[in-house]
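Read the structure below first, then the notes.
Rule-based calculations on the coordinates, nothing more; no lab input. Everything numeric in this text was worked out from a predicted model, so none of it was measured. Note that each Cβ is placed from the backbone with ideal geometry, even for glycine, and that neighbours are counted across all protein chains shown.
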Amino acid sequence: MKRHHFSLLAAAALAVMTATANGDQFALLIYETPDELAARTDDTRGAAYWKAFADYGAALQSAGIIRGGAALQPNTGAKTVTVRDDESVTTDGPHAQSSTQLGGYFVIEVPTLDEALQWAAKAPSSLTGAVEVRPFYPVPGMP
Amino acid sequence: MNYLILIYESEHGVAARTDEARAPEYWQSWSNYADALIASGIFVDGNGLQPATTATTVRLRDDKRLVHDGPFADTKEQLGGYFVVNVPDLDTALEWAARCPAATDGAVEVRPALPPRD
């Protein structure tokens, strides 16, 4: 099942190399329910889970709008770091506690927010979790 | 191994982006941080996000698209951007997280990415 994930990333890398500027970039933040995340490693549901994301990645690729993306380990593996008065404190767990967690993201380049929202609605996690769409901020000096 | 460094910024931090007096220092600190990541050869990707007020959240229920303005999770600190770094272990990722400008004012979350299979 990881092969699907790999081909998704390979597609993203290829898309980055062949990218032409034709719009604004948006992050599609994929919020998944615990049940969905459990499907990743479930013998019976795993195949359908990964196929849904592979199909979605392939659709973004054929539309020529994918610019990046990654899937994340479950947030039980998250650590949060804060520095106060020069002292660094690391806590286990994500910064924002919620039952529905950030499972990954896609970066797409499309002409309008409306188009980004249409793509967000096609992401597998929109059915049970949610997809948050955020426009990029043009950061000076970033490669 | 790739780790995602999620940058949670306070309102005060995000406001500095467009504050005439504070913006130069704000951007300089991020530029220094990105330069350091690039110089160590661990930079994979990174992007800044527009403020959470520009976020839109989409759900699909019974084939109906439900769209609402605002971020999915309402938090005091907001996701202001992210970096992807390639480092040998979590400890190294946490060291870089502690050097991130947002760590002193907001918080920095480190998440391992799913490893690709070759």
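If we count every other residue with Cβ under 14 angstrom of B:Thr92's Cβ, Lys/Arg +1 and Asp/Glu -1, where does the sum land?
-1
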Open item on the list: Suppose a student asked you for the relative contact order of segment B:9-82, using Cα pairs under 8 Å spaced at least 6 residues apart; what percent would you report?
Closed with: 35
Open item on the list: With +1 assigned to the C-beta of every Lys and Arg and -1 to the C-beta of every Asp and Glu, and no other charges, what is the dipole magnitude of the protein assembly as shown about the Cα centre in debye, to the nearest 20?
Closed with: 840
- [ ] Would you work out which of B:Ala107, B:Gly81, A:Gly57 lies farthest towards the positive end of the dipole of the protein assembly as shown, given +1 charges on the beta-carbon of Lys and Arg and -1 on that of Asp and Glu, about the Cα centre?
- [x] A:Gly57
Open item on the list: Rounded to whole Å, give me the distance from the Cα center of segment B:41-68 to that of segment A:39-82.
Closed with: 15
Open item on the list: Between A:Ala63 and A:Val89, what is the label-point separation in nm under the 7 Å Cα-to-beta-carbon projection?
Closed with: 4.2
- [ ] Taking H placed 1.01 Å from N in the peptide plane, check which residues at least 5 places from B:Leu60 or on another chain put their amide H under 5 Å from its amide H.
- [x] A:Leu127, B:Leu66
TODO: Just check segment B:57-118 against the gyration tensor rule for me: Cα atoms, a ≥ b ≥ c as the square roots of the eigenvalues, rounded for a/c under 1.5, and otherwise prolate or oblate depending on whether a/b exceeds b/c.
DONE: oblate
Task: Zero-based 5 Å bins, Cα pair distances in segment A:9-139, whole percents - done: 2, 10, 18, 20, 18, 14, 10, 6, 3, 0
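Given the Cα-Cα distance of B:Asp91 and B:Ser29 and 0.36 nm per residue of separation, how much length would full extension add, in nm?
20.1 nm
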- [ ] Could you go through segment A:67-72 in sequence order and give the Karplus-derived ³J(HN,Hα) for each residue, using 6.51 cos²θ - 1.76 cosθ + 1.60 with θ = phi - 60°, rounded to whole Hz, and x for Gly and Pro?
- [x] 10, x, x, 7, 9, 10
Task: For segment B:8-118, with +1 on Lys and Arg beta carbons and -1 on Asp and Glu, the positive-most of B:Ser29, B:Gly46, B:Leu66 along the dipole - done: B:Leu66
- [ ] For a footprinting-style exposure proxy, rank B:Arg61, A:Arg45 by other Cβ within 10 Å, fewest first.
- [x] B:Arg61, A:Arg45
